[in-house]
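Asks: The structure's right below; bear with me while I get my questions together.
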Amino acid sequence: MDRFIIQGGTPLEGSIAVSGSKNASLPALAACLLTSEQVSLDRVPAVRDIQTMLNLVKHIGAEICVEKAAGKKSRITIRAAEIREPEAPYDLVKTMRASSLVLGPLVARFGRARVSLPGGCAIGARPINLHTSGLEQLGARIRQQHGYIEAEAPEGLRGADIIFDRITVTGTEDIMMAAVLARGETVIRNAAREPEVVDVAGLLTSMGAQIEGAGTPVIHIQGVATLHGASHTVIADRIEAGTFLIGGALTRGDLAVTGCVPEHLRALIAKLRQAGAEVTEAADTLRVRTPNPLKSVDVTTEEHPGFATDLQAQFMALMTQAGGISFITETIFENRFMHALELARMGANIRLEGRQAIVAGPTPLSGAQVIASDLRASASLVLAGLAAKGEAVIDRVYHIDRGYEKIETKLAGAGARIRRVSAK
(Lines give C-alpha, C1' and ligand atoms only; values in the text may rest on other atoms or scores of the structure.)
Protein backbone atom coordinates (compact mmCIF):
# COMPACT_ATOMS: atom_id res chain seq x y z
CA MET A 1 0.00 0.00 0.00
CA ASP A 2 1.49 3.32 -1.08
CA ARG A 3 1.96 6.39 1.07
CA PHE A 4 3.20 9.95 0.56
CA ILE A 5 6.12 11.36 2.51
CA ILE A 6 6.17 15.15 2.56
CA GLN A 7 8.78 17.57 3.84
CA GLY A 8 6.76 20.69 4.45
CA GLY A 9 7.59 24.35 4.43
CA THR A 10 8.28 24.92 0.73
CA PRO A 11 6.00 27.34 -1.17
CA LEU A 12 4.39 26.12 -4.38
CA GLU A 13 5.76 28.19 -7.25
CA GLY A 14 5.64 28.04 -11.03
CA SER A 15 2.73 26.36 -12.75
CA ILE A 16 0.63 23.20 -12.63
CA ALA A 17 -1.46 21.97 -15.55
CA VAL A 18 -4.95 20.65 -14.82
CA SER A 19 -6.13 17.30 -16.15
CA GLY A 20 -9.51 16.52 -17.62
CA SER A 21 -12.43 16.18 -15.25
CA LYS A 22 -12.97 12.81 -13.61
CA ASN A 23 -16.56 13.69 -12.79
CA ALA A 24 -17.27 14.64 -16.41
CA SER A 25 -15.42 11.67 -17.88
CA LEU A 26 -17.41 9.06 -15.94
CA PRO A 27 -20.83 9.96 -17.44
CA ALA A 28 -19.18 10.50 -20.82
CA LEU A 29 -17.93 6.91 -20.77
CA ALA A 30 -21.41 5.72 -19.82
CA ALA A 31 -22.91 7.77 -22.66
CA CYS A 32 -20.82 5.80 -25.16
CA LEU A 33 -23.17 2.85 -24.51
CA LEU A 34 -26.04 4.75 -26.14
CA THR A 35 -24.79 4.20 -29.70
CA SER A 36 -23.38 1.36 -31.78
CA GLU A 37 -21.00 3.78 -33.46
CA GLN A 38 -17.55 4.90 -32.37
CA VAL A 39 -17.17 7.67 -29.77
CA SER A 40 -13.79 9.29 -29.10
CA LEU A 41 -13.03 11.12 -25.87
CA ASP A 42 -10.01 13.35 -25.36
CA ARG A 43 -8.54 14.57 -22.07
CA VAL A 44 -9.82 11.68 -19.96
CA PRO A 45 -7.63 11.55 -16.83
CA ALA A 46 -5.68 8.41 -15.96
CA VAL A 47 -7.13 7.85 -12.48
CA ARG A 48 -8.45 4.75 -10.73
CA ASP A 49 -12.17 5.58 -11.03
CA ILE A 50 -11.78 5.96 -14.79
CA GLN A 51 -10.05 2.59 -15.06
CA THR A 52 -12.87 1.03 -13.07
CA MET A 53 -15.45 2.52 -15.45
CA LEU A 54 -13.44 1.34 -18.48
CA ASN A 55 -13.36 -2.17 -17.01
CA LEU A 56 -17.12 -1.99 -16.58
CA VAL A 57 -17.78 -0.76 -20.11
CA LYS A 58 -15.53 -3.51 -21.46
CA HIS A 59 -17.33 -6.12 -19.35
CA ILE A 60 -20.64 -4.96 -20.81
CA GLY A 61 -19.24 -5.64 -24.28
CA ALA A 62 -17.75 -2.45 -25.68
CA GLU A 63 -14.48 -2.35 -27.59
CA ILE A 64 -11.99 0.11 -26.09
CA CYS A 65 -8.85 1.64 -27.52
CA VAL A 66 -6.62 3.90 -25.41
CA GLU A 67 -4.14 5.95 -27.41
CA LYS A 68 -1.24 7.57 -25.60
CA ALA A 69 1.02 9.69 -27.79
CA ALA A 70 4.14 11.29 -26.35
CA GLY A 71 3.55 14.91 -25.40
CA LYS A 72 -0.16 14.71 -26.20
CA LYS A 73 -3.33 14.10 -24.24
CA SER A 74 -4.57 10.52 -24.32
CA ARG A 75 -7.61 9.61 -26.40
CA ILE A 76 -10.07 6.88 -25.51
CA THR A 77 -12.17 5.39 -28.31
CA ILE A 78 -15.19 3.25 -27.46
CA ARG A 79 -17.49 1.28 -29.72
CA ALA A 80 -20.43 -0.51 -28.13
CA ALA A 81 -21.69 -2.25 -31.27
CA GLU A 82 -22.86 -5.30 -29.37
CA ILE A 83 -23.63 -5.75 -25.71
CA ARG A 84 -22.81 -9.09 -24.13
CA GLU A 85 -24.13 -8.40 -20.64
CA PRO A 86 -26.05 -5.23 -19.65
CA GLU A 87 -24.89 -5.58 -16.07
CA ALA A 88 -22.62 -3.79 -13.60
CA PRO A 89 -21.46 -6.55 -11.22
CA TYR A 90 -20.57 -5.79 -7.63
CA ASP A 91 -17.01 -7.11 -7.87
CA LEU A 92 -16.24 -4.64 -10.67
CA VAL A 93 -17.85 -1.50 -9.24
CA LYS A 94 -17.68 -1.86 -5.45
CA THR A 95 -14.94 0.79 -5.19
CA MET A 96 -16.81 3.43 -7.22
CA ARG A 97 -20.15 5.12 -6.60
CA ALA A 98 -20.60 6.26 -10.24
CA SER A 99 -21.51 2.76 -11.46
CA SER A 100 -25.19 3.78 -11.40
CA LEU A 101 -24.49 6.01 -14.41
CA VAL A 102 -24.77 3.02 -16.75
CA LEU A 103 -28.31 2.23 -15.58
CA GLY A 104 -30.04 4.85 -17.74
CA PRO A 105 -28.05 4.25 -20.95
CA LEU A 106 -28.46 0.46 -20.77
CA VAL A 107 -32.20 0.40 -20.18
CA ALA A 108 -32.71 3.13 -22.80
CA ARG A 109 -30.85 1.32 -25.56
CA PHE A 110 -31.30 -2.35 -24.69
CA GLY A 111 -34.49 -2.38 -22.65
CA ARG A 112 -32.93 -3.89 -19.57
CA ALA A 113 -30.14 -3.36 -17.07
CA ARG A 114 -28.85 -4.94 -13.88
CA VAL A 115 -26.63 -2.71 -11.75
CA SER A 116 -25.12 -3.39 -8.35
CA LEU A 117 -26.35 -1.05 -5.63
CA PRO A 118 -23.66 1.37 -4.44
CA GLY A 119 -22.11 0.10 -1.23
CA GLY A 120 -21.29 2.08 1.87
CA CYS A 121 -19.52 5.38 1.30
CA ALA A 122 -17.14 6.95 3.79
CA ILE A 123 -18.57 10.45 3.41
CA GLY A 124 -22.24 9.53 3.62
CA ALA A 125 -25.18 8.06 1.78
CA ARG A 126 -25.52 8.41 -1.97
CA PRO A 127 -29.02 7.00 -2.53
CA ILE A 128 -29.97 5.65 -5.93
CA ASN A 129 -33.70 6.14 -5.38
CA LEU A 130 -33.69 9.38 -7.40
CA HIS A 131 -32.29 7.46 -10.39
CA THR A 132 -34.83 4.65 -10.11
CA SER A 133 -37.79 6.98 -9.50
CA GLY A 134 -36.89 8.93 -12.64
CA LEU A 135 -36.61 5.76 -14.71
CA GLU A 136 -39.97 4.54 -13.43
CA GLN A 137 -41.53 7.79 -14.57
CA LEU A 138 -39.97 7.14 -17.99
CA GLY A 139 -41.78 3.79 -18.08
CA ALA A 140 -39.19 1.34 -16.76
CA ARG A 141 -40.12 -1.45 -14.36
CA ILE A 142 -37.74 -1.45 -11.41
CA ARG A 143 -37.10 -4.07 -8.79
CA GLN A 144 -34.39 -4.55 -6.19
CA GLN A 145 -33.09 -7.93 -5.17
CA HIS A 146 -29.86 -9.57 -4.08
CA GLY A 147 -28.09 -6.20 -3.87
CA TYR A 148 -28.91 -5.23 -7.46
CA ILE A 149 -31.24 -2.81 -9.21
CA GLU A 150 -32.95 -4.47 -12.17
CA ALA A 151 -34.67 -2.28 -14.74
CA GLU A 152 -36.76 -3.39 -17.69
CA ALA A 153 -38.42 -1.44 -20.49
CA PRO A 154 -39.08 -3.97 -23.28
CA GLU A 155 -41.32 -1.51 -25.13
CA GLY A 156 -38.83 1.35 -24.74
CA LEU A 157 -38.96 4.46 -22.58
CA ARG A 158 -41.39 7.33 -22.98
CA GLY A 159 -40.93 11.00 -22.13
CA ALA A 160 -42.15 12.35 -18.80
CA ASP A 161 -42.10 15.42 -16.59
CA ILE A 162 -39.67 14.57 -13.80
CA ILE A 163 -39.18 16.63 -10.65
CA PHE A 164 -36.26 15.66 -8.43
CA ASP A 165 -37.01 15.89 -4.71
CA ARG A 166 -33.50 17.23 -4.27
CA ILE A 167 -30.68 18.16 -6.59
CA THR A 168 -28.62 15.20 -7.73
CA VAL A 169 -25.73 15.41 -10.18
CA THR A 170 -25.46 11.75 -11.16
CA GLY A 171 -29.25 11.43 -11.10
CA THR A 172 -29.58 14.33 -13.53
CA GLU A 173 -26.94 12.81 -15.79
CA ASP A 174 -28.44 9.31 -15.64
CA ILE A 175 -32.01 10.40 -16.43
CA MET A 176 -30.79 12.77 -19.15
CA MET A 177 -28.93 9.90 -20.82
CA ALA A 178 -31.99 7.67 -20.59
CA ALA A 179 -34.35 10.35 -21.91
CA VAL A 180 -32.41 11.04 -25.11
CA LEU A 181 -33.70 7.73 -26.53
CA ALA A 182 -37.19 7.92 -24.99
CA ARG A 183 -40.25 8.59 -27.14
CA GLY A 184 -41.46 12.16 -26.86
CA GLU A 185 -40.34 15.00 -24.61
CA THR A 186 -38.81 14.73 -21.16
CA VAL A 187 -38.53 17.67 -18.78
CA ILE A 188 -36.17 17.39 -15.80
CA ARG A 189 -36.95 19.91 -13.07
CA ASN A 190 -34.72 20.79 -10.11
CA ALA A 191 -31.86 19.54 -12.27
CA ALA A 192 -28.22 19.85 -11.21
CA ARG A 193 -26.40 22.78 -12.81
CA GLU A 194 -22.82 21.53 -12.43
CA PRO A 195 -20.39 22.03 -15.35
CA GLU A 196 -20.09 18.26 -15.61
CA VAL A 197 -23.81 18.02 -16.44
CA VAL A 198 -23.34 20.63 -19.16
CA ASP A 199 -20.35 18.73 -20.51
CA VAL A 200 -22.12 15.39 -20.88
CA ALA A 201 -25.09 17.22 -22.45
CA GLY A 202 -22.65 18.65 -24.99
CA LEU A 203 -21.37 15.17 -25.80
CA LEU A 204 -24.91 13.82 -26.17
CA THR A 205 -25.85 16.73 -28.45
CA SER A 206 -22.84 16.02 -30.67
CA MET A 207 -24.13 12.43 -30.86
CA GLY A 208 -27.49 13.66 -32.18
CA ALA A 209 -29.47 14.19 -28.99
CA GLN A 210 -31.84 17.16 -28.66
CA ILE A 211 -31.22 18.82 -25.29
CA GLU A 212 -31.95 22.35 -24.13
CA GLY A 213 -31.37 23.97 -20.76
CA ALA A 214 -28.37 22.01 -19.46
CA GLY A 215 -26.77 24.12 -16.77
CA THR A 216 -30.15 25.50 -15.64
CA PRO A 217 -32.69 24.01 -13.18
CA VAL A 218 -34.96 22.86 -16.05
CA ILE A 219 -33.71 20.61 -18.87
CA HIS A 220 -35.85 19.81 -21.93
CA ILE A 221 -35.05 16.68 -23.93
CA GLN A 222 -36.74 15.62 -27.16
CA GLY A 223 -36.15 11.92 -27.66
CA VAL A 224 -34.62 10.57 -30.87
CA ALA A 225 -34.62 7.08 -32.35
CA THR A 226 -30.84 6.57 -32.44
CA LEU A 227 -27.59 8.35 -31.67
CA HIS A 228 -24.43 8.34 -33.77
CA GLY A 229 -20.72 8.50 -33.08
CA ALA A 230 -18.86 11.67 -32.11
CA SER A 231 -15.62 13.15 -30.82
CA HIS A 232 -15.54 15.13 -27.59
CA THR A 233 -12.96 16.81 -25.37
CA VAL A 234 -13.68 16.57 -21.64
CA ILE A 235 -13.66 19.81 -19.62
CA ALA A 236 -10.93 20.64 -17.12
CA ASP A 237 -11.23 19.22 -13.62
CA ARG A 238 -12.42 22.14 -11.52
CA ILE A 239 -11.85 20.26 -8.25
CA GLU A 240 -8.24 19.49 -9.12
CA ALA A 241 -7.75 23.12 -10.14
CA GLY A 242 -9.31 24.31 -6.90
CA THR A 243 -7.13 21.97 -4.86
CA PHE A 244 -3.98 23.42 -6.39
CA LEU A 245 -5.21 26.99 -5.94
CA ILE A 246 -5.79 26.35 -2.26
CA GLY A 247 -2.36 24.72 -2.04
CA GLY A 248 -0.73 27.79 -3.54
CA ALA A 249 -2.48 30.05 -1.03
CA LEU A 250 -1.79 27.75 1.91
CA THR A 251 1.96 27.49 1.23
CA ARG A 252 2.16 31.24 0.55
CA GLY A 253 3.58 30.59 -2.88
CA ASP A 254 3.12 32.08 -6.34
CA LEU A 255 1.34 29.45 -8.38
CA ALA A 256 -0.34 29.49 -11.79
CA VAL A 257 -2.94 26.79 -12.40
CA THR A 258 -3.20 26.34 -16.16
CA GLY A 259 -5.71 24.70 -18.48
CA CYS A 260 -8.64 25.40 -16.14
CA VAL A 261 -11.96 27.21 -16.55
CA PRO A 262 -12.12 30.18 -14.13
CA GLU A 263 -15.88 30.47 -14.57
CA HIS A 264 -16.28 27.04 -12.95
CA LEU A 265 -14.51 28.23 -9.79
CA ARG A 266 -16.29 31.50 -8.97
CA ALA A 267 -17.33 30.49 -5.44
CA LEU A 268 -13.82 29.37 -4.49
CA ILE A 269 -12.17 32.42 -6.06
CA ALA A 270 -14.46 34.68 -4.04
CA LYS A 271 -13.63 32.91 -0.77
CA LEU A 272 -9.89 32.94 -1.48
CA ARG A 273 -10.02 36.67 -2.08
CA GLN A 274 -12.04 37.20 1.10
CA ALA A 275 -9.36 35.26 2.96
CA GLY A 276 -6.68 37.64 1.69
CA ALA A 277 -5.21 35.72 -1.23
CA GLU A 278 -4.58 37.47 -4.52
CA VAL A 279 -6.17 35.61 -7.44
CA THR A 280 -5.68 36.87 -10.98
CA GLU A 281 -7.36 35.44 -14.07
CA ALA A 282 -6.49 34.82 -17.68
CA ALA A 283 -8.41 32.88 -20.32
CA ASP A 284 -7.55 29.44 -18.97
CA THR A 285 -5.21 30.26 -16.08
CA LEU A 286 -5.61 31.27 -12.46
CA ARG A 287 -2.66 32.64 -10.49
CA VAL A 288 -2.69 32.75 -6.69
CA ARG A 289 -0.41 34.54 -4.25
CA THR A 290 -0.68 35.25 -0.53
CA PRO A 291 1.44 38.33 0.28
CA ASN A 292 -0.49 39.12 3.49
CA PRO A 293 -1.67 37.04 6.47
CA LEU A 294 -4.75 34.94 5.81
CA LYS A 295 -8.09 35.95 7.34
CA SER A 296 -10.80 33.56 8.47
CA VAL A 297 -13.93 33.27 6.33
CA ASP A 298 -17.05 31.15 6.68
CA VAL A 299 -18.03 28.58 4.06
CA THR A 300 -21.23 26.64 3.45
CA THR A 301 -21.18 23.91 0.83
CA GLU A 302 -23.94 24.07 -1.78
CA GLU A 303 -24.83 22.70 -5.17
CA HIS A 304 -23.26 24.55 -8.10
CA PRO A 305 -22.82 27.48 -8.45
CA GLY A 306 -22.29 27.45 -4.68
CA PHE A 307 -19.15 26.34 -2.87
CA ALA A 308 -18.36 22.75 -3.91
CA THR A 309 -18.47 20.06 -1.25
CA ASP A 310 -15.47 18.48 -3.00
CA LEU A 311 -13.36 21.50 -1.97
CA GLN A 312 -14.53 21.71 1.63
CA ALA A 313 -11.76 19.55 3.13
CA GLN A 314 -9.02 21.42 1.29
CA PHE A 315 -10.45 24.79 2.35
CA MET A 316 -10.54 23.62 5.96
CA ALA A 317 -6.79 22.99 5.75
CA LEU A 318 -6.39 26.56 4.51
CA MET A 319 -8.46 27.96 7.38
CA THR A 320 -6.14 26.37 9.96
CA GLN A 321 -3.64 29.04 8.89
CA ALA A 322 -6.09 31.96 8.89
CA GLY A 323 -6.42 34.44 11.72
CA GLY A 324 -9.69 34.19 13.64
CA ILE A 325 -12.59 31.74 13.77
CA SER A 326 -14.09 30.22 10.64
CA PHE A 327 -17.31 28.21 10.45
CA ILE A 328 -17.41 25.52 7.78
CA THR A 329 -20.88 24.06 7.22
CA GLU A 330 -21.37 20.89 5.18
CA THR A 331 -24.86 20.54 3.68
CA ILE A 332 -24.30 17.90 0.98
CA PHE A 333 -22.89 14.88 2.84
CA GLU A 334 -23.53 14.03 6.47
CA ASN A 335 -20.13 12.57 7.31
CA ARG A 336 -17.56 14.63 5.48
CA PHE A 337 -15.42 15.84 8.39
CA MET A 338 -13.27 12.79 9.00
CA HIS A 339 -10.22 14.73 7.84
CA ALA A 340 -10.70 17.15 10.75
CA LEU A 341 -9.38 14.63 13.28
CA GLU A 342 -6.33 13.96 11.13
CA LEU A 343 -5.69 17.69 10.71
CA ALA A 344 -5.90 17.97 14.51
CA ARG A 345 -3.09 15.39 14.75
CA MET A 346 -0.98 17.89 12.81
CA GLY A 347 -1.82 20.71 15.22
CA ALA A 348 -5.06 22.17 13.88
CA ASN A 349 -7.63 23.54 16.32
CA ILE A 350 -10.97 22.25 15.04
CA ARG A 351 -14.20 21.55 16.90
CA LEU A 352 -17.02 19.59 15.28
CA GLU A 353 -20.67 20.31 16.01
CA GLY A 354 -22.91 18.20 13.82
CA ARG A 355 -22.54 19.39 10.24
CA GLN A 356 -20.41 22.36 11.23
CA ALA A 357 -16.66 22.55 11.81
CA ILE A 358 -15.32 25.48 13.83
CA VAL A 359 -11.70 26.23 12.96
CA ALA A 360 -9.55 28.54 15.10
CA GLY A 361 -6.33 29.83 13.62
CA PRO A 362 -3.66 30.32 12.83
CA THR A 363 -2.10 27.29 14.48
CA PRO A 364 1.33 25.93 13.54
CA LEU A 365 1.08 22.61 11.70
CA SER A 366 3.69 19.94 12.29
CA GLY A 367 4.38 16.79 10.35
CA ALA A 368 2.65 13.64 11.57
CA GLN A 369 1.52 10.25 10.33
CA VAL A 370 -2.10 10.53 9.20
CA ILE A 371 -4.62 8.35 7.38
CA ALA A 372 -6.66 9.37 4.35
CA SER A 373 -10.31 8.35 4.70
CA ASP A 374 -11.67 9.41 1.30
CA LEU A 375 -10.67 11.13 -1.94
CA ARG A 376 -10.95 14.79 -0.95
CA ALA A 377 -9.88 14.20 2.66
CA SER A 378 -6.61 12.80 1.35
CA ALA A 379 -6.09 15.96 -0.73
CA SER A 380 -6.58 18.15 2.36
CA LEU A 381 -3.98 16.16 4.28
CA VAL A 382 -1.48 16.49 1.43
CA LEU A 383 -1.98 20.27 1.41
CA ALA A 384 -1.60 20.44 5.18
CA GLY A 385 1.59 18.41 4.89
CA LEU A 386 2.98 20.90 2.37
CA ALA A 387 2.44 23.72 4.89
CA ALA A 388 3.57 21.81 7.99
CA LYS A 389 6.95 21.90 9.69
CA GLY A 390 8.80 18.63 9.46
CA GLU A 391 7.83 15.35 7.84
CA ALA A 392 4.25 14.27 7.19
CA VAL A 393 3.32 10.73 6.19
CA ILE A 394 -0.01 10.21 4.41
CA ASP A 395 -1.23 6.62 4.45
CA ARG A 396 -3.85 5.03 2.15
CA VAL A 397 -3.16 7.32 -0.78
CA TYR A 398 -5.07 4.93 -3.03
CA HIS A 399 -7.97 7.20 -2.16
CA ILE A 400 -6.29 10.16 -3.84
CA ASP A 401 -5.39 8.02 -6.86
CA ARG A 402 -9.13 7.62 -7.51
CA GLY A 403 -9.43 11.24 -8.63
CA TYR A 404 -6.06 12.98 -9.01
CA GLU A 405 -3.73 12.18 -11.88
CA LYS A 406 -0.12 11.93 -10.65
CA ILE A 407 -0.68 14.56 -7.97
CA GLU A 408 2.73 14.02 -6.39
CA THR A 409 4.46 14.56 -9.75
CA LYS A 410 2.51 17.75 -10.41
CA LEU A 411 3.19 19.14 -6.94
CA ALA A 412 6.88 18.24 -7.11
CA GLY A 413 7.10 20.15 -10.38
CA ALA A 414 5.99 23.25 -8.46
CA GLY A 415 8.60 22.80 -5.75
CA ALA A 416 6.88 20.50 -3.27
CA ARG A 417 9.07 17.99 -1.49
CA ILE A 418 6.81 14.99 -1.83
CA ARG A 419 7.46 11.41 -2.79
CA ARG A 420 5.51 8.20 -3.07
CA VAL A 421 6.79 5.08 -1.34
CA SER A 422 5.38 1.59 -1.01
CA ALA A 423 4.66 0.71 2.60
CA LYS A 424 5.86 -2.67 3.81
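Asks: For region 254-357, give me every one of the strands (runs of 3 or more DSSP E) that falls completely inside it and has 1 or more residues that are touching a residue at least 12 places away in the same chain (Cβ under 8 Å) and in contact with a Gly (Cβ under 8 Å, 6 or more places away or on another chain). Don't jump to the end; show me each part of the working.
Replies: On the way: elements: 254-258, 278-281, 285-289, 324-329, 349-353.
Strands (runs of 3 or more DSSP E) meeting the threshold: 254-258, 285-289, 324-329, 349-353.
Asks: Okay, next question. Which members of region 160-206 meet the condition of being farther than 25 Å from ARG266 by Cα, of a type in the set (Asp, Glu) and touching a strand residue (DSSP E or B) at 6+ places or on another chain (Cβ under 9 Å)?
Replies: ASP161, GLU185
Asks: Continuing with the same structure: Every residue in region 17-34 that is of a type in the set (Ser, Thr, Tyr) and either surrounded by fewer than 24 Cβ atoms within 10 Å (Cβ to Cβ) or in a helix (DSSP H, G or I) (or both), please.
Replies: Going residue by residue through region 17-34, those that are of a type in the set (Ser, Thr, Tyr) are 19, 21, 25.
Passing the criteria: only SER25.
Asks: Hey, another quick one. Of these, ALA308, ALA344, which one is buried (at least 19 other Cβ atoms within 10 Å of the Cβ) and either touching a His at 6+ places or on another chain (Cβ under 6 Å) or assigned by TED's automatic domain parsing to the domain that holds ALA387 (or both)?
Replies: Numbers: ALA344 fails: buried (at least 19 other Cβ atoms within 10 Å of the Cβ).
Being buried (at least 19 other Cβ atoms within 10 Å of the Cβ) and either touching a His at 6+ places or on another chain (Cβ under 6 Å) or assigned by TED's automatic domain parsing to the domain that holds ALA387 (or both) holds for just one of ALA308, ALA344, which is ALA308.
Yes/no matrix, rows are residues, columns are (1) farther than 14 Å from LEU318 by Cβ; (2) at pLDDT below 95:
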position: THR363; (1), (2): no, no
position: SER366; (1), (2): yes, no
position: SER373; (1), (2): yes, yes
position: ALA377; (1), (2): yes, yes
position: LEU383; (1), (2): no, no
position: ALA388; (1), (2): no, no
position: GLU391; (1), (2): yes, no
position: TYR398; (1), (2): yes, yes
position: ARG402; (1), (2): yes, yes
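Asks: A follow-up question, please. Among residues belonging to region 360-391 that are in contact with a helix residue (DSSP H, G or I) (Cβ under 7 Å, 6 or more places away or on another chain), aliphatic (A, V, I, L, M) and part of a strand (DSSP E or B), point out the one that is surrounded by the most Cβ atoms within 10 Å (Cβ to Cβ).
Replies: Of everything passing the filter in region 360-391, VAL370 is surrounded by the most Cβ atoms within 10 Å (Cβ to Cβ).
Asks: Go over the candidates ALA113, ALA98, ALA88, ALA125 one by one and state the one that is at pLDDT below 80 and surrounded by 23 or more Cβ atoms within 10 Å (Cβ to Cβ).
Replies: Numbers: ALA113 fails: at pLDDT below 80; ALA88 fails: at pLDDT below 80; ALA125 fails: surrounded by 23 or more Cβ atoms within 10 Å (Cβ to Cβ).
None of the others qualify; the one that does is ALA98.
Asks: Residue check, GLU136 against (1) in contact (Cβ under 8 Å) with a residue 24 or more places away in the chain; (2) over 24 Å from LEU54 (Cβ atoms); (3) not in a strand (DSSP E or B), all met but one. Which one?
Replies: (1)
Asks: Would you be able to say whether some residue in region 90-102 is within 19 Å of HIS228 (Cα to Cα) and within 17 Å of the chain's Cα centre (by Cα)? Working first, answer last.
Replies: Taking region 90-102 as the starting set, the residues that turn out to be within 19 Å of HIS228 (Cα to Cα) are 102.
With the extra rule that they be within 17 Å of the chain's Cα centre (by Cα), the set shrinks to 102.
So far as region 90-102 goes, yes, one or more of its residues are within 19 Å of HIS228 (Cα to Cα) and within 17 Å of the chain's Cα centre (by Cα).
Asks: While we're looking at this one, here's another question. Out of all the residues in region 140-183, which are of a type in the set (A, V, I, L, M) and either outside the structural domain of ALA209 (by TED's automatic domain parsing) or part of a strand (DSSP E or B) (or both)? It would help to see each step written out before you state the result.
Replies: We begin by selecting, within region 140-183, every residue of a type in the set (A, V, I, L, M); these are 140, 142, 149, 151, 153, 157, 160, 162-163, 167, 169, 175-182.
Once the filter is applied, which keeps residues that are of a type in the set (A, V, I, L, M) and either outside the structural domain of ALA209 (by TED's automatic domain parsing) or part of a strand (DSSP E or B) (or both), region 140-183 yields ILE142, ILE149, ALA151, ILE162, ILE163.
Asks: Which one of these is loosely packed, with under 15 Cβ neighbours inside 10 Å and aliphatic (A, V, I, L, M): ILE400, ILE394, ILE325? Don't jump to the end; show me each part of the working.
Replies: Values: ILE400 fails: loosely packed, with under 15 Cβ neighbours inside 10 Å; ILE394 fails: loosely packed, with under 15 Cβ neighbours inside 10 Å.
Of the residues listed, the single one that is loosely packed, with under 15 Cβ neighbours inside 10 Å and aliphatic (A, V, I, L, M) is ILE325.
Quick grid of which residues meet (1) touching a residue at least 24 places away in the same chain (Cβ under 8 Å); (2) of a type in the set (Phe, Trp, Tyr); (3) farther than 19 Å from VAL200 by Cα; (4) not in a helix (DSSP H, G or I):
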residue	(1), (2), (3), (4)
ALA46	yes, no, no, yes
ILE50	yes, no, no, no
MET53	yes, no, no, no
LEU56	yes, no, no, no
VAL66	no, no, yes, yes
ILE76	yes, no, no, yes
ALA81	yes, no, yes, yes
ASP91	no, no, yes, no
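The values are calculated or read from the model by the stated rules, or taken from the named source; none is laboratory data. Just so it is clear, the structure is predicted and the values come from calculations on it, not from any experiment. In this analysis, Cβ positions are derived from the backbone assuming ideal geometry, glycine residues included, and neighbour counts consider all displayed protein chains.
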